[in-house]
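The values are calculated or read from the model by the stated rules, or taken from the named source; none is laboratory data. Note that the coordinates shown come from a computational prediction; the quantities given were computed from them, not determined experimentally. FYI the Cβ positions are ideal-geometry reconstructions off the backbone, even for glycines, and counts take in every protein chain you see.
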Amino acid sequence: MSAEPIANPLGPVRGPTPPRRFGRLVPVLAFLVAVLCVSTVALTATVRSTVASPGFYQAVLDEESAYDRLYGEVLVDPEISPVTRDLLAHLPVPEALVTSNIKVVLPPATVRELTDQQIEAVTGYLRGDRDELRLTVDLTPVLENLADLARVYFGDLVANVQGKDQPDFERFTADLASGLDDLKEGRAPELPRLPLTEDQADRAADALLTAVPEQQRTALRPEIEVALGEGDVSTALAATAAALSDGSRSAAADLRTVLQDGTWDLTGTLTAAGADLGALEEARDSIRLLTLLQVLALTLAFAALVTLWFTGPVTPARRLMRLGQALACAGVLTGAAVVLARLITGGRLFATPSSWAPSVTSLVDDLQRNAVNQAVTAGLGAALAALVGGVLLTGAGWALLVRPDRMPTPTPTAVRTTAAGVACAALAGVLVVPPVFGPSAPRQCLGSSRLCDLRYDEAAYLTSHNAMSTTADRFIGPLQDPDITTQLNTGVRALQLDTYRWESPQDIAARLDSPEFTPEQRRLITGAIDRANPPREGLWLCHGVCRAGAIELVPALEGIGDWLRAHPTEIVTLIVQDDISPEDTEKAFRAAGLDDLLHTPDADPDAPWPTLGEMIDRGRRLVVFAEKADGPAPWYRNFYRYGMETPFAFRSPSEMACAPYRGGTGKQLFLLNHFITNAGGSRLDAGRVNARDWVLERTRACEAERGSPVTFIAVDYTTIGDALGAVNELNSRRTQDD
């Protein structure tokens, strides 16, 4: 007799219920943790790749053309003038002169360098690379440039009281000829002076003394009047500068005290002005927490994905789909958070005060909007990486579920390897994509990221006519004010240079070759000239006659090479009016150490030129043409084989024409001679023809007439007017046309 089973009054035995419920909860928790942690990794990576990255800020500044707008919009804004007026009070240079020549006093390259230094200091502090926030600016070059401008200004002041557009250098030159007459008569020649009448000297003294504190003018006037009456402008200017350095109330002295001999402690200035630098300290602490949070979130994300795999469905295909769904959800969540942040900020991180000048407000608002948009782009890039990884895993799992019978069944090991690989790639993408999608300092070519794809012959270059003939180097009748290096700093990218050997005394004595002088007299005169002003050996950059001004060729070339090496994304062109042999020219370039910088044009003038980016990548960034020679060095080519030009002997702006001249027509390079030659250069004419609109109008007319884009725009006094602004606009349009 078999026994009946005894029924359990509590019902059938089902095993321990709590562990089963917990087993179902683990995958859900792992899924949620994976979504949240992957999204956190993406967002923290985005913040760190923007807020703490110097490249982010540099890219935003470049994308908004901030440096160009600083000169073209902010510094010329009338509402900014009180700031410059306070800064320049009592300095021996008028405010308007500094404003119109701001690129001489504060070159764009200097502004960029100083800004990059502050960006590196702030971001280094935020990342924890620096223990102390220390912002210092070396303004020594700016002060030196201001002093150079003061000397140029005084030359203009003298010209003004003489009723001329520049100092009476013709009279100065005539005095040199008188010196020869003294020699002929056996008298010791007198050194020429810049002539001023008594009335002119008084007026010049009045103008100069306006820079001096009123209580010092009476005592200083006699010394300045005597110096000016003798034509000794250097002594007059030095006396004025010395007066300005006296007294604690002098703005110049106060400025130098603040700058600590040229170094500006920007941190102290900001603190004294009431700026809350504590916000940067709080941001630094937040960045540290974000770093820790990112590491923790990344660790938990890996753990959650592994847990999700081992606690997921039985079939590998569904496990792949579960992993993919978690990553895809993380991508969607990240994207939603980024878009929400964009909507909340409205593209602005802070409201600009109403007291700010409109030009400053506009620039700052544009920078804010660009920064937010760039950060949003980086965040959406990270979200996309997670989403793509999730879609790939989900798709792979779905393909395994619906595969045809003829498809081979993957092994469990292969499935696990695929899942791990895609998941790791997605997480790596979340970390890597923000710095890649986010802005970094863009590649620069001639100061712009947009120009790198232009060919050399497609770009426009501001060209300095007779670049060596400068006020700074004390040429008689200069055609430029700053020296060659400063011209490069202010945006000049092509230099027209004249190479010479120093003229001999016989060359000058030839002027006296007339029947009234016997051979013996000429011999005596020549000997006197040789003793008074003997010829100098070597190679020189001169403008016609080296005794009217000269600088040594090799040191000048060395300076150009030093500048190019300090600016590795710039290209410079030299167009040489060669009065020395090509062999001597080649030796000079070799002596200056320029072999590694020289670009060799294609022997075929019609062959395509390389792009600016290609020339920069190769390091061959110095192009040299000659007006006469053509070789033998392969890099030293005749300009008129490759280029053409307009006429250049214009006596007034109305005479400027576009007709073919040297070089004929149909060449790839086009030199636009854009200066007035009427008994020398004229600052007054330069102020007119160097105006931005004038340059653009003539350039367009010549391009239409000649059927070729202008390459080189050669001007006198490159720092007067805005020829550089016209060149920048031309290049901007040409990149858009591409």
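Listing for the model above:
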| quantity | calculated |
| --- | --- |
| Boolean, Leu363 is in contact (Cβ under 8 Å) with a residue 24 or more places away in the chain, part of a helix (DSSP H, G or I), farther than 26 Å from Phe31 by Cα and of a type in the set (A, V, I, L, M) | yes |
| Given (1) more than 30 Å from Val111 (Cβ to Cβ); (2) at pLDDT below 90, number of the condition Asn489 does not satisfy | (1) |
| Within segment 690-703, tally of residues that are small (Gly, Ala, Ser) and surrounded by fewer than 17 Cβ atoms within 10 Å (Cβ to Cβ) | 1 |
| Residue in segment 336-347 that is out of contact with any Gly (no Cβ under 7 Å at 6 or more places or on another chain), among the aliphatic types (A, V, I, L, M) and either buried (at least 20 other Cβ atoms within 10 Å of the Cβ) or not assigned by TED's automatic domain parsing to the domain that holds Ala42 (or both) present | no |
| Members of segment 537-562 found to be without any contact (Cβ under 8 Å) to a residue 40 or more places away in the chain and assigned to a strand (DSSP E or B), listed by number | Glu552 |
| Conditions (1) modelled with pLDDT under 85; (2) surrounded by fewer than 18 Cβ atoms within 10 Å (Cβ to Cβ); number of the one not met by Leu29 | (1) |
| Test: residue in segment 448-455 that is at pLDDT below 80 and either more than 38 Å from the chain's Cα centre (by Cα) or under 30 Å from Arg620 (Cα atoms) (or both) | yes |
| Considering residues of segment 617-654 that are part of a loop (DSSP other than H, G, I, E, B) and in contact with a helix residue (DSSP H, G or I) (Cβ under 7 Å, 6 or more places away or on another chain) only, the residue nearest to Ala691 (Cα to Cα) | Thr646 |
| In segment 591-628, residue nearest to the chain's Cα centre (by Cα) [restricted to those that are among the small types (Gly, Ala, Ser) and surrounded by fewer than 20 Cβ atoms within 10 Å (Cβ to Cβ)] | Gly613 |
| Check on Asp481, of a type in the set (Asp, Glu), closer than 22 Å to Cys542 by Cα and touching a residue at least 60 places away in the same chain (Cβ under 8 Å) | yes |
| Selection from segment 449-506 of residues that are assigned to a loop (DSSP other than H, G, I, E, B), among the hydroxyl-bearing types (Ser, Thr, Tyr) and over 18 Å from Asp716 (Cβ atoms) | Ser449, Ser504 |
| One residue from Gly666, Gly687, Gly681 being crowded, with 18+ Cβ neighbours inside 10 Å, small (Gly, Ala, Ser) and either assigned by TED's automatic domain parsing to the domain that holds Lys587 or part of a loop (DSSP other than H, G, I, E, B) (or both) | Gly681 |
| Those residues of segment 570-589 which are crowded, with 18+ Cβ neighbours inside 10 Å and among the polar types (S, T, N, Q), in sequence order | Thr573, Thr585 |
| Output for segment 363-383, where each listed residue is more than 14 Å from Val51 (Cβ to Cβ) and either charged (D, E, K, R) or in contact with a Pro (Cβ under 7 Å, 6 or more places away or on another chain) (or both) | Asp365, Asp366, Arg369, Gly381, Ala382 |
| Residue in segment 639-662 that is on the phi > 0 side of the Ramachandran plot and either surrounded by fewer than 18 Cβ atoms within 10 Å (Cβ to Cβ) or without any contact (Cβ under 8 Å) to a residue 12 or more places away in the chain (or both) present | no |
| Selection status of Val51, among the β-branched types (Val, Ile, Thr), farther than 30 Å from Leu292 by Cβ and either modelled with pLDDT of 55 or more or out of contact with any Pro (no Cβ under 7 Å at 6 or more places or on another chain) (or both) | no |
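Listed here are the residues, each with its yes/no results for (1) modelled with pLDDT of 70 or more; (2) part of a helix (DSSP H, G or I).
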| position | (1), (2) |
| --- | --- |
| Thr110 | yes, yes |
| Glu113 | yes, yes |
| Ile119 | yes, yes |
| Asp131 | yes, no |
| Asn145 | no, yes |
| Asp148 | no, yes |
| Arg151 | no, yes |
| Leu157 | no, yes |
| Gly163 | no, no |
